[in-house]
1. Go through the stretch 540-565 residue by residue and tally those that are more than 27 Å from residue 448 (Cα to Cα), surrounded by 14 or more Cβ atoms within 10 Å (Cβ to Cβ) and free of Cβ contacts under 8 Å to residues at least 60 places away in the same chain.
2. From the list 288, 307, exactly one residue is surrounded by 13 or more Cβ atoms within 10 Å (Cβ to Cβ), without any contact (Cβ under 8 Å) to a residue 40 or more places away in the chain and assigned to a helix (DSSP H, G or I). Which is it?
3. Could you count how many residues in the stretch 259-285 are small (Gly, Ala, Ser) and either surrounded by 17 or more Cβ atoms within 10 Å (Cβ to Cβ) or not assigned by TED's automatic domain parsing to the domain that holds residue 373 (or both)?
4. Just to be sure, is residue 487 of a type outside the set (S, T, N, Q), more than 18 Å from residue 621 (Cα to Cα) and surrounded by fewer than 20 Cβ atoms within 10 Å (Cβ to Cβ)?
5. Consider residue 156 carefully, then state whether it is of a type in the set (Gly, Ala, Ser), assigned by TED's automatic domain parsing to the domain that holds residue 68 and farther than 30 Å from residue 75 by Cα.
6. Those residues that are within 19 Å of residue 40 (Cβ to Cβ) and of a type outside the set (Ser, Thr, Tyr), I need them from the stretch 184-211; list them, please.
7. Scan the stretch 358-378 for residues that are surrounded by fewer than 23 Cβ atoms within 10 Å (Cβ to Cβ) and assigned to a helix (DSSP H, G or I) and jot them down.
8. Take the residues of the stretch 310-332 that are outside any helix (DSSP H, G or I) and of a type in the set (Asp, Glu): which is nearest to residue 523 (Cα to Cα)?
Amino acid sequence: MTPSRLLLSLSLSLLFTCLLLCPPCVPGAAVLAAGDNDWQPIDPAHLSMKEPMVEKGADAEALFWQVRVSDEAQDLVFTHHIRIKVFTERGRESQSKIDIPYLSFIKIRDVAGRTIKPDGQIVELKKEDVFERTIVKVSGLKLKAKSFAMPGVEPGAVIEYRWREVRAGMLANYVRLPYQREIPVQSVTYYIKPLSNPYFPYGMRAQFYRMSNTSFVKEKNGFHSLTMTNVPAFHEEARMPPQDQVRSWMLIYYSRDRKLTPDKFWKDYGREKHDEFKSRMKANDEVRTASAEITGDASTPEQKLERIYDYCRTRIKNASDDASGLTAVEREKLKENKNPSDTLKRGVGWGGDIDMLFAALVTTAGFDARIALAADRSDIFFDMDFADGYFLDPSSIAVRVGDGWRFFNPGFNYIPSGMLRWQEEGTHTLVTDPKEPTFVPVPISAPEKSMEKRTARLRLDEQGTLEGDVRIEYTGHAAVDMKEANDEDSPNAREEALRDRIRSRMSATELSDIRIENVTDSVKPFVYAFHVRVPGYAQRTGKRLFLQPSFFRRGIGPLFSTSERRHSIYFHYPWSEQDDVEVELPTGFALESPEAPAKFGANELSQYNVSLSVTKDGRTLIYKRNFFFGGGGNILFPTTAYAPLKTYFDEVHKQDGHAVTLKQGVTSASVSTSPSN
């Protein structure tokens, strides 16, 4: 994915999330003068409504949600109007405070709002009650919002607002139109007017996702409408698939009417992309020389690929990386790398440039390398039956090793060799070819590739205070997550985030001597190291102390808290946890209760294994815990699997909460242990 498309995709992803979850989350806003009266009439029955029609017990319900999408000669224009009935005090609280987000390339015109009280009194939104704020800043992007409170909202009232959104110089091409929002909607209608120009050879198409109606109605003035009625609210759940995989929405786009089968389309598309990138992978003598020097005395294909991969990640500055050290001005001044030789000579390039250099280097080392295109499963699960390249991006380099393909993405410099971003593992990737492009399944990395390894050397005093040194290492996808979350922050901000994270589990915790290592290192694990003191960690009752040995799981609630489930259960990637905790017992105290947590598992999917022991002198308690989940690449489960999954993780939570008893003035009992992995 090119840097510009990556940033645009991230921008729109942020905006779509707000469109779904913020009331009303759509780009905004300048306000019309109060007193503008050309609103659609209010149905008296709506003012007198006492109960929602779509979802029983809803606190608020949209009476209608209308959007006109018009491709003008130069601009893409959206005209929005939503009317909402408020039923309860909770509905008043959730719907009266409005954030209208927008991005820098969006202009807003003609926004107005009003509240109609149950007695018919109308209160207009005043211009001076609208203010601007930044609600999200990430990767140099700003998502701003016009914020305001709807006036005079009370249970029984109807509120409505409207606005015009202008995207200058843009077409309604690959625009996502959501049909669900955070409250139920009685009627959702999009009125769409495609661009009409004799010199524009493309027709507008629509792709539907979980839509009960896919039939357009021809309207006046070149518009076509599509309505859905009785649309339920979209409900977020922990560990669910991406929003666009489970909600109702429509994709509109332009294309030629080629009437190709999916198989024929992907063959043609794979050939086109191969030809498009062929010149960018071309090697000259400088690249050949560099390849020979990098591989050196490496004798196996694996050794050669590993050396080239590490060179591209560590020796070429990645301009796409937040932590590259390059300022926005320096990025703008970067010269275009037209070929791998330019990237090699300059020692700097965008992520795509680094991928192309890797491809050229491995080709001159004797490998067959191709551009591979994949979808992002954090966005949607790719469906090959949709014959369009919208969801695919040049995401990695496929290298033939033996009879199969291996995939590399050095342009994303935190990913270890042999892995891709989790968003691209477990997908079908299109390996380009001049003759026979083919989709190849990319395996999901095993749980041990993404490990959280935690070590604690602690001392417990007779009052129950626990103190000592802690080290936590993250590898694989877990390390990428941590580096991405921290690499733009200052050292102070990183430390404060760590304190907040620990205190959210153990509020009285005191941290000192904090070290956060390898935040921007391409190769080494992400590491937290710190000294910790937790007053009252063990509960003192008379001559006994009750101690939870699973220090790293203290204060963490159940993974699944609800009894019912709407959406499938989705884990981003398999992972493993390894805990090694030693607790020096207070003088005069010894272990009284000998029980250790139970060992259990679910075959290759998951295993939970704990051992508990004391040293020969009875002075130190040793707790070891090994856990993994997602074995065999199993990360997506239907709703029918929710009950057994919840039961399994509830048992993990129960065993993690296992406490041992320490008694003053007794000799340590022998401990029943479970062998560790």
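1. So the answer is 0.
2. On inspection, the qualifying residue turns out to be 307.
3. Of the residues in the stretch 259-285, 2 are small (Gly, Ala, Ser) and either surrounded by 17 or more Cβ atoms within 10 Å (Cβ to Cβ) or not assigned by TED's automatic domain parsing to the domain that holds residue 373 (or both).
4. So residue 487 passes the test.
5. Criteria met by residue 156.
6. Step one: of the stretch 184-211, the residues within 19 Å of residue 40 (Cβ to Cβ) are 185-191.
Scanning the stretch 184-211 gives 185, 186, 188.
7. Residues satisfying the conditions are 363, 364.
8. Of the stretch 310-332, the ones outside any helix (DSSP H, G or I) are 316-327.
Retained after the next criterion (residues that are of a type in the set (Asp, Glu)): 321-322.
Numbers: 321: 14, 322: 16 Å.
Among them, the one singled out is 321.
The values are calculated or read from the model by the stated rules, or taken from the named source; none is laboratory data. Being a predicted model, the structure only gives us computed values, none of them experimental. Methodologically, a virtual Cβ is constructed for each residue, glycine included, from the backbone with ideal geometry; neighbour enumeration extends over all protein chains shown.
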